[in-house]
């Protein structure tokens with residue numbers, strides 16, 4: 001197994017998952033637009049657009065980080081293939097959790113749980129990415145393309161692990177307010193995606 | 001991050017988005033064909049086919065232009081990754097805006113707004129592409145593969161920027177007639193796609 | 001534009017289109033299985049499976065032929081990009097025409113038209129492929145990777161053009177019987193796909 | 001035809017199929033959550049999540065095995081392209097069989113058949129993979145990249161063939177209990193995916 005094909009397959013899954021997000025943006029039915037018009041029906045759907053933007057940027061960032069991480073690798077072993085598959089699974093599930101959150105964010109019933117699942121799915125994704133990095137940097141460092149000092153490898157791993165913390169906080173805060181949870185996830189996406197936060201999105205520093 | 005993987009991921013997203021357009025072409029239900037037959041039910045759906053053709057050609061053209069633009073690059077920086085992600089997002093959204101326009105084009109209620117959103121999404125896509133080109137050509141020219149004179153770089157940027165103008169006009173004209181808006185978008189797709197308009201679709205000249 | 005990226009993008013579109021075919025295979029609803037059970041509900045759906053098999057094999061064959069054709073090319077010009085985009089569009093539309101045919105094949109109303117559209121879509125695909133081959137082999141032979149005699153180029157083009165004929169016959173026969181039309185399309189898929197028909201599926205001879 | 005493009009296309013189909021699995025995870029409707037809440041509605045859907053996890057891991061494993069097998073090849077012939085196309089078809093069908101199983105697993109009517117079809121589809125996939133391996137290793141060994149002894153080639157083939165047996169048993173046991181069938185498929189996915197079962201998932205030994 002070469003890293004080239006590992007990257008190609010991962011790129012494929014991530015590209016499909018990020019593009020499938022659009023299927024969550026439904027066209028309002030004629031029944032929905034009958035009384036208040038199309039503009040109102042679209043406007044009422046704002047959680048759908050917010051969810052699309054947040055998830056699209058987040059998957060885009062994880063794609064960049066994934067590439068930076070895999071490039072360090074000379075050759076994957078079975079554990080890396082497995083951890084990478086778990087990471088891809090956590091990404092492939094995002095169109096579902098995004099749709100769930102967008103559907104229930106404004107409902108009095110289920111809004112806390114839906115926001116917790118949305119943020120929780122991103123937390124799992126961040127954990128999978130940290131586990132992949134940990135295995136590559138600390139468990140099997142002899143498979144890296146270049147030799148890195150233990151200190152440097154630890155530093156890269158801790159930096160990728162710190163990405164877990166804000167999602168854990170966001171998930172916990174779903175008990176208080178689903179809007180706060182989603183706002184944190186959106187803010188993280190914008191912070192990491194915008195060039196100003198580029199240091200944070202590049203775990204290689 | 002290499003331009004090769006940037007291209008591969010962008011190709012993936014664009015290929016999925018262009019192929020997902022077909023999901024908008026629904027098979028008529030038996031209820032729809034009961035009274036006037038299948039031919040009539042299909043015929044009534046003409047905005048769906050027109051929308052499919054226009055969006056497919058338009059995404060195909062942006063794919064060609066994207067490739068020409070990225071090939072000029074030696075190595076992307078974070079701002080280019082971010083601007084490219086915005087461009088991909090504006091492309092990934094097109095199956096939705098295409099479906100919205102096709103659904104509401106013939107409705108008395110919402111047809112102006114739906115056409116404006118359709119054309120407006122293409123306008124945003126053209127703006128993202130121009131912003132990507134501007135950054136590559138005018139802000140970070142030292143990352144280009146070959147050295148180009150300032151005059152040449154400005155010329156390429158302005159040419160890609162002029163692609164914005166017809167979409168801005170088409171969007172504005174949605175107030176007058178949604179059909180005019182869509183007709184302009186279709187005409188642009190055909191003009192740029194057909195070999196006769198190839199000069200225009202190749203911002204590298 | 002390199003042939004490598006032309007192939008990569010074409011591969012992407014074809015891979016998505018061939019895999020989207022599965023979305024046409026619906027899971028029977030509980031209402032459908034209530035009276036006669038799941039086995040009966042699945043059995044009644046046989047046109048859906050026949051359509052899936054036929055379209056999957058046909059797209060698989062066109063993918064092989066497309067690769068053989070593009071490999072002959074040194075570098076695409078704008079006309080080739082355009083003709084290739086038309087070919088990809090004719091492939092991307094197949095999940096729709098497949099679903100249409102499968103839905104209406106057993107209906108007394110619309111079955112002839114649905115079969116004609118199914119076969120007609122494959123005819124258009126074969127015509128697009130022949131047009132691409134014609135341009136590459138007869139209009140711009142200086143862009144081929146290796147020099148081929150006019151006789152050889154004509155032979156390859158005519159061989160790819162003969163693929164059009166059976167689809168034209170199948171489409172015309174939809175007036176007589178939709179089952180005959182679909183049976184011809186299925187037979188062609190099996191004939192070209194099975195190793196025994198490999199001479200026919202490889203226009204490079 | 002090069003193995004590189006065979007791999008690229010296969011990667012594309014497998015990546016789309018594995019990601020389409022998420023479309024089976026539906027968001028509960030407001031009607032479903034009205035009386036017992038969202039948590040209950042999600043919980044009742046557990047077969048959907050179990051099916052997603054099992055199919056995702058299984059497709060991930062077949063992707064790894066496919067890559068290992070194709071890498072042995074110097075150049076594919078038409079029979080390999082055909083057998084590979086059959087394998088891809090058996091993978092592309094899994095989002096359907098997965099959804100069928102998840103929908104009917106808890107229904108008194110159809111649960112045995114749905115589980116048999118789910119396991120049977122995986123059996124067909126394992127058979128297609130064994131047939132591809134047989135052709136490459138035993139029928140056309142001169143197309144392999146490296147020369148391998150007959151004994152070694154037989155050993156690799158038999159190892160890949162033994163993957164068929166547990167799926168045959170699982171399919172047969174659907175007569176007794178659909179839960180046992182699905183549990184076997186899930187256990188196989190976990191066994192092969194986890195690093196501890198890596199010997200089994202790597203037919204190259």
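The values are calculated or read from the model by the stated rules, or taken from the named source; none is laboratory data. Treat the numbers as computed from the prediction; the structure is a model and nothing was measured. Here Cβ is always computed from backbone atoms with ideal geometry, including for glycine, and neighbour counts include all displayed protein chains.
Of note, residue C:88 does not satisfy the criterion of being over 24 Å from residue D:6 (Cα atoms) and buried (at least 20 other Cβ atoms within 10 Å of the Cβ).
Look at (1) in a loop (DSSP other than H, G, I, E, B); (2) in contact (Cβ under 8 Å) with a residue 40 or more places away in the chain; (3) facing chain D (nearest Cβ under 10 Å) and you find that residue C:106 fails only one, number (3).
Per the listing D:87, D:20, the residue uniquely closer than 30 Å to residue A:22 by Cβ, in contact with a helix residue (DSSP H, G or I) (Cβ under 8 Å, 6 or more places away or on another chain), within 10 Å of chain A (Cβ to nearest Cβ) and in a helix (DSSP H, G or I) is D:20. Scoring residue B:75 on the criteria (1) outside any helix (DSSP H, G or I); (2) without any contact (Cβ under 8 Å) to a residue 24 or more places away in the chain; (3) more than 7 Å from every other protein chain (Cβ to nearest Cβ) leaves a single failure, condition (2). I'd like to check something: does the stretch D:171-190 contain any residue that is surrounded by fewer than 17 Cβ atoms within 10 Å (Cβ to Cβ), within 16 Å of the chain's Cα centre (by Cα) and closer than 17 Å to residue D:66 by Cα? No; the residues of the stretch D:171-190 include none that is surrounded by fewer than 17 Cβ atoms within 10 Å (Cβ to Cβ), within 16 Å of the chain's Cα centre (by Cα) and closer than 17 Å to residue D:66 by Cα. For the stretch D:142-153, name all the residues that are surrounded by 15 or more Cβ atoms within 10 Å (Cβ to Cβ) and in a helix (DSSP H, G or I). Selection gives D:143, D:153. Say we look at the stretch A:29-56 and pick out the residues that are buried (at least 19 other Cβ atoms within 10 Å of the Cβ) and more than 16 Å from the chain's Cα centre (by Cα); which of these is farthest from the other protein chains (Cβ to nearest Cβ)? Step by step, filter the stretch A:29-56, then rank; the result is A:47.
Residue A:96 passes every criterion in (1) buried (at least 23 other Cβ atoms within 10 Å of the Cβ); (2) over 20 Å from residue A:13 (Cα atoms) apart from (2).
From the list D:56, D:82, D:96, the one residue that fits, being part of a helix (DSSP H, G or I), at pLDDT below 95 and in contact with a helix residue (DSSP H, G or I) (Cβ under 9 Å, 6 or more places away or on another chain), is D:82. In the stretch C:179-192, the residues that are within 14 Å of residue C:46 (Cα to Cα) reach residues that are surrounded by 23 or more Cβ atoms within 10 Å (Cβ to Cβ) with C-beta atoms within less than 7 angstrom, at least six apart or across chains, in these pairs: C:182/C:101; C:182/C:115; C:182/C:118; C:186/C:54. For the stretch C:111-127, state whether one or more residues are surrounded by fewer than 20 Cβ atoms within 10 Å (Cβ to Cβ), away from chain B (no Cβ under 14 Å) and at negative phi. Scanning the stretch C:111-127 turns up at least one residue that is surrounded by fewer than 20 Cβ atoms within 10 Å (Cβ to Cβ), away from chain B (no Cβ under 14 Å) and at negative phi.
Only residues that are within 19 Å of residue C:89 (Cα to Cα) and over 21 Å from the mean Cα position of the chain (by Cα) were counted in the stretch C:132-148, giving 0. Checking each residue in the stretch D:1-14 for being at the interface with chain A (Cβ under 8 Å from one of its Cβ atoms) and touching a residue at least 12 places away in the same chain (Cβ under 8 Å) picks out D:7, D:11, D:14. Taking the criterion of being in a helix (DSSP H, G or I) and within 19 Å of residue A:87 (Cα to Cα), the only residue of the stretch D:25-49 that qualifies is D:49.
Just one of the listed residues (A:133, A:65) is farther than 27 Å from residue D:20 by Cβ, in contact (Cβ under 8 Å) with a residue 40 or more places away in the chain and either within 11 Å of chain D (Cβ to nearest Cβ) or buried (at least 19 other Cβ atoms within 10 Å of the Cβ) (or both), and it is A:133.
Could you check residue D:61 against (1) closer than 16 Å to residue D:121 by Cβ; (2) over 25 Å from the mean Cα position of the chain (by Cα) and say which number it fails? With respect to (1) closer than 16 Å to residue D:121 by Cβ; (2) over 25 Å from the mean Cα position of the chain (by Cα), residue D:61 is out only on (2).
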